[in-house]
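As C-alpha cells, the structure follows; a few thoughts come after it.
The values are calculated or read from the model by the stated rules, or taken from the named source; none is laboratory data. All values derive from a computational prediction rather than experimental measurement. Cβ: placed from backbone, ideal geometry, glycine included. Neighbour counts: every protein chain shown.
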Amino acid sequence: MPATAAKRLAPGLTMTTAGRAAKRTIDVLGGGTILLLCSPFIAVLAAISKLREGGPVFYRRRVVGPRGEFDAFKLRSMRVDADEVLKRNPALRQEFERNFKLKDDPRVTPFGRFLRRTSLDELPQLWNVLKGEMSLVGPRMITPAELGKYGESAWIFGCMKPGLTGAWQVRGRQEVSYEQRVAMDLQYVKNWSLALDLAILIKTPVRVLRGAGAY
C-alpha cells in the first residue's frame with residue numbers, strides 16, 4: 001500500500017513531521033553507534049556460522065515498509081535447505097501458514113538457536129536502519145504474505161517503518177498469538193511518541209538477556 005494512501009487511512013496516527021525527523025535522528029545516531037560497536041562482534045558470529053554450518057552467512061528476508069518491499073538482513077539461523085524441509089512436511093507447512101512461526105522448528109541449526117534466543121541474528125538489520133528502510137523501534141517486521149493477517153490494520157506498514165525492536169518484542173514475543181501481535185502493533189502506531197520509543201529501547205536489552213518468549 002502506498003504511503004500516501006496509508007496516511008489517509010490512519011485515524012489517530014500521532015506522528016508529525018517533527019516527530020518523524022526526531023525519530024530518524026535517533027535511528028541514525030543510535031543505529032550508527034551500535035553498528036560501529038557491534039561490527040567486530042557480527043564478524044565473529046559470521047565466522048563461527050561459516051565454520052560450523054557452511055553455506056551463506058547472511059540471509060535476506062523480503063519484508064514490507066512505507067517504501068515498498070525490501071530485503072532485511074539477518075545472520076542465517078536456518079539450514080540451507082530450509083524451504084525444502086517445509087515443502088516436504090505438510091503439517092509443518094500448515095503450522096507455519098497459521099502463525100508464520102514454528103515453535104520447534106527443525107530447520108533451525110544448533111548455532112542458529114543460540115542466535116535466535118539472544119536475538120543476535122537481528123544485528124545486521126542495523127544496516128537497514130541506517131539505509132532508512134527500518135527504524136530502531138517500530139511495528140513487527142513482516143513478509144508480504146503476512147499482510148493479509150493484519151486485515152484493515154495493514155495500513156500501518158505504509159506509514160511507519162518496521163522496527164528492529166518494538167512492542168511485540170518487549171511484551172511476550174513468541175508467547176503471544178498472532179492476533180495479539182497485530183493489536184500491539186496497531187496500538188503502538190496509534191499511540192506513538194518518542195517517550196514510548198525510548199521506553200521500548202530501554203526494555204529490549206532486559207528481554208533479550210532473559211531470553212523471554214524466544215525460540
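Does at least one position in region 147-163 carry a residue that is surrounded by fewer than 22 Cβ atoms within 10 Å (Cβ to Cβ), within 15 Å of the chain's Cα centre (by Cα) and farther than 14 Å from G30 by Cα? Taking every residue of region 147-163 in turn, at least one turns out to be surrounded by fewer than 22 Cβ atoms within 10 Å (Cβ to Cβ), within 15 Å of the chain's Cα centre (by Cα) and farther than 14 Å from G30 by Cα.
Test of understanding: among R98, R116, which residue is at pLDDT below 90, over 30 Å from A21 (Cβ atoms) and either surrounded by 18 or more Cβ atoms within 10 Å (Cβ to Cβ) or among the aromatic types (F, W, Y) (or both)? Working first, answer last.
On the way: R98 fails: either surrounded by 18 or more Cβ atoms within 10 Å (Cβ to Cβ) or among the aromatic types (F, W, Y) (or both).
Exactly one of R98, R116 is at pLDDT below 90, over 30 Å from A21 (Cβ atoms) and either surrounded by 18 or more Cβ atoms within 10 Å (Cβ to Cβ) or among the aromatic types (F, W, Y) (or both), namely R116.
Taking the conditions (1) surrounded by 21 or more Cβ atoms within 10 Å (Cβ to Cβ); (2) out of contact with any strand residue (DSSP E or B) (no Cβ under 7 Å at 6 or more places or on another chain) in turn, P110 satisfies each one other than (1). Pairs meeting the criteria (first residue in region 168-186 and charged (D, E, K, R), second residue surrounded by fewer than 16 Cβ atoms within 10 Å (Cβ to Cβ) and modelled with pLDDT of 80 or more, beta carbons under 9 Å, at least 6 apart or on different chains) are R171/Q180; R171/K203. A count restricted to region 66-95 and to residues that are closer than 17 Å to T143 by Cβ, in a strand (DSSP E or B) and in contact with a strand residue (DSSP E or B) (Cβ under 9 Å, 6 or more places away or on another chain) stands at 7.
Restrict the check to region 9-32 and report whether at least one residue is at positive phi and either at pLDDT below 85 or part of a helix (DSSP H, G or I) (or both). It would help to see each step written out before you state the result.
Going residue by residue through region 9-32, those that are at positive phi are 12.
Now drop any that are not either at pLDDT below 85 or part of a helix (DSSP H, G or I) (or both), which leaves 12.
Taking every residue of region 9-32 in turn, at least one turns out to be at positive phi and either at pLDDT below 85 or part of a helix (DSSP H, G or I) (or both).
Would region 36-58 turn up any residue that is closer than 20 Å to W168 by Cβ, surrounded by 15 or more Cβ atoms within 10 Å (Cβ to Cβ) and either among the β-branched types (V, I, T) or in contact with a helix residue (DSSP H, G or I) (Cβ under 6 Å, 6 or more places away or on another chain) (or both)? No, region 36-58 contains no residue that is closer than 20 Å to W168 by Cβ, surrounded by 15 or more Cβ atoms within 10 Å (Cβ to Cβ) and either among the β-branched types (V, I, T) or in contact with a helix residue (DSSP H, G or I) (Cβ under 6 Å, 6 or more places away or on another chain) (or both).
For the subset of region 123-169 comprising residues that are hydroxyl-bearing (S, T, Y) and in a helix (DSSP H, G or I), which member is farthest from L196 (Cα to Cα)? Steps first, answer last, please.
Of the residues in region 123-169, the ones hydroxyl-bearing (S, T, Y) are 135, 143, 150, 153, 165.
Those left that are additionally in a helix (DSSP H, G or I): 150, 153.
On the way: Y150: 22, S153: 20 Å.
Applying the filter and picking the extreme gives Y150.
Is it the case that A82 is within 19 Å of P124 (Cα to Cα), of a type in the set (A, V, I, L, M, F, W, C) and surrounded by 13 or more Cβ atoms within 10 Å (Cβ to Cβ)? Answer is no for this residue. Looking across region 137-179, the residues that are within 22 Å of R116 (Cα to Cα) and among the β-branched types (V, I, T) come down to V137, I142, T143, T165, V170, V176. Scanning for something among the basic types (K, R), touching a helix residue (DSSP H, G or I) at 6+ places or on another chain (Cβ under 7 Å), part of a helix (DSSP H, G or I) and buried (at least 20 other Cβ atoms within 10 Å of the Cβ), does region 177-187 turn up at least one residue? Yes, the conditions are met somewhere in region 177-187.
Kindly evaluate L147 against the criterion of being among the aliphatic types (A, V, I, L, M) and modelled with pLDDT of 85 or more. Against the criterion (among the aliphatic types (A, V, I, L, M) and modelled with pLDDT of 85 or more), L147 qualifies. The residue of region 205-214 that is modelled with the highest pLDDT, among those that are out of contact with any helix residue (DSSP H, G or I) (no Cβ under 6 Å at 6 or more places or on another chain) and not charged (D, E, K, R), is P205.
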